[in-house]
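As structure tokens, the structure follows; a few thoughts come after it.
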Amino acid sequence: GSARGPVGRLIGRPVLRLGSRYAVRRRRALTGAAHPAAGDVLTFLVRGGPLRTALRELVAAVEPPVVLLGHSLGGIIALDTLIEAPLPGVRLLVTVGSQGPFLYETGALPHLDHPEPLPAHVPGWLNIHDRRDLLGFAAAPVFPGRAEDIATDNRQPFPIAHSAYWSDPAVYRAIAERLP
């Protein structure tokens, strides 16, 4: 498009062609690398009932107040379980590096259709994400007034950034400051 300017138009197509050739030649390796995490998320989205049931049973078996803390897929499971039905003992949801906001925006979160608001029974939500973590999404812009985002900078490249939260003392401080 013309918005890229003459230099962008000149180098844009060759760069896209090179990238496409590389991806086509390495398709099996690229797909194989993405499959484990993507496969787990897709499986939950289609057949997550038993996991939601197990989480509800676990929460019912412990004394409140309960904080649900989930990283990545764990955050999706916790969020979707809380959306599906109230869990009275849960006082705080903490998601770290979660795709929940993205799944909601794309209409893929099982129990909440976009643009429906987050149900009132969902407790306070702390969402921690890193701009270098391509699998971690901000929640506050998607759920205004319902989610609090903490943006951290673990100074790690993706995909390492997705697991680097746990080496950042600021993450632990943010969680500790909000515990009921």
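A short reminder: the numbers here are calculations on the coordinates, not readings from a lab. Bear in mind the structure is a predicted one, so any value in this text is a computation, not a measurement.
Segment 48-178 gives an Rg/Rh value of 0.95, both radii derived from C-alpha positions and Rh following Kirkwood.
The H on the amide N of R131, modeled in the peptide plane, is under 5 Å from the matching H of T152, each at least 5 residues off or on a different chain.
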